[in-house]
Amino acid sequence: MMQVDSSVSAAYDARAAEYIEIAGSIEQMDADDRRLIEAWRDATAGPLLDAGCGPGHWTRFLHEEDRDVIGVDLSAQFLAAARSRYPELRFEQASFRALPFDDASLGGILAWYSLIHTPPEELGAILAELARVLRPGGSMLIGFFDGTPREPFAHAVTTAYFWDADALGILLGDAGFIVTAHERRERSAGEVSARPHGSVTATRLEGAAATGA
């Protein structure tokens, strides 16, 4: 499992500069994505986690209106860029497998295209760890490539996997969440990716026991 983290980290470290150039600013993100994440942010109370923050552009976006937010990522190169660009914000190197946060300490988690490289058989345990640090009633917003669930494809950086809302909803239910919203759309000309986009919003249930199955 840690070998997967090391492989993903090394792959993004090697292409961090290229990634930042083509997809490292809010202005390069799709307007529909910005509106969705802004609405989610404004509807979510408490401290926010940008899980898989990359160079920090979404972390800074979440911080608007002085929201309490922290970004975590595996890539040292991404974190160096994020700290240089947004020195007022907090960024930490951490794996989703063992987050450095107390139980139920967060109000919301944004996992925007940051679970796409997780092998499908390991995703349940990751969702359980995200559930651990999210307070009951807290919200998580996941962005992903929509397609045949668990099917691998040759992402530009390293192997990634398609999901859909139904398949993710089952795993989220096992981890103690209930899905409250989802979307799917085709990409428009000029977006960073041409693959169909999907997102799921889920709420951490009161008293639910995450199984990590």
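The values are calculated or read from the model by the stated rules, or taken from the named source; none is laboratory data. For clarity, every value in this text was computed on a predicted model and none was experimentally measured. Note that we place each Cβ from the backbone using ideal geometry, even for glycine, and neighbour counts take in every protein chain shown.
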Point to revise | Cβ-Cβ under 9 Å pairs, at least 6 apart or on other chains, the stretch 141-166 side touching a residue at least 40 places away in the same chain (Cβ under 8 Å) and under 26 Å from D42 (Cβ atoms), far side of a type in the set (K, R) and not in a loop (DSSP other than H, G, I, E, B) | key: L141/R41; D146/R184; D146/R185
Practice item. Kindly provide the set of residues from the stretch 80-98 that are in contact (Cβ under 8 Å) with a residue 40 or more places away in the chain and part of a loop (DSSP other than H, G, I, E, B), ordered by number. Key: S95, F96, R97
Practice item. Identify the single condition in (1) in contact with a strand residue (DSSP E or B) (Cβ under 9 Å, 6 or more places away or on another chain); (2) surrounded by fewer than 21 Cβ atoms within 10 Å (Cβ to Cβ); (3) not hydroxyl-bearing (S, T, Y) that A98 does not satisfy, given that it satisfies every other one. Key: (1)
**Study point:** Subset of the stretch 115-130 that is out of contact with any strand residue (DSSP E or B) (no Cβ under 8 Å at 6 or more places or on another chain) and touching a residue at least 12 places away in the same chain (Cβ under 8 Å) - its residue that is surrounded by the most Cβ atoms within 10 Å (Cβ to Cβ)
**Key:** I126
Practice item. Report the residue count in the stretch 126-157 for those that are over 15 Å from S199 (Cβ atoms), outside any helix (DSSP H, G or I) and among the aliphatic types (A, V, I, L, M). Key: 4
Check your understanding: Looking at V200, is it over 22 Å from D30 (Cα atoms) and at pLDDT 90 or above?
Key -> no
Review point. Is there a residue being part of a loop (DSSP other than H, G, I, E, B), more than 25 Å from A160 (Cα to Cα) and of a type in the set (A, V, I, L, M, F, W, C) anywhere in the stretch 56-65?
Key: no
**Study point:** First in the stretch 26-55 and modelled with pLDDT under 90, second anywhere and charged (D, E, K, R) and surrounded by 14 or more Cβ atoms within 10 Å (Cβ to Cβ), Cβ under 6 Å, 6 or more apart
**Key:** D30/E191
Check your understanding: With respect to the numbered conditions (1) surrounded by 16 or more Cβ atoms within 10 Å (Cβ to Cβ); (2) part of a loop (DSSP other than H, G, I, E, B); (3) among the small types (G, A, S), which one is the sole condition not fulfilled by A111?
Key -> (2)
Exercise for review: Given the conditions (1) under 19 Å from S9 (Cα atoms); (2) within 13 Å of the chain's Cα centre (by Cα); (3) not in a helix (DSSP H, G or I), report the number of the one that L123 does not fulfil.
Suggested key: (3)
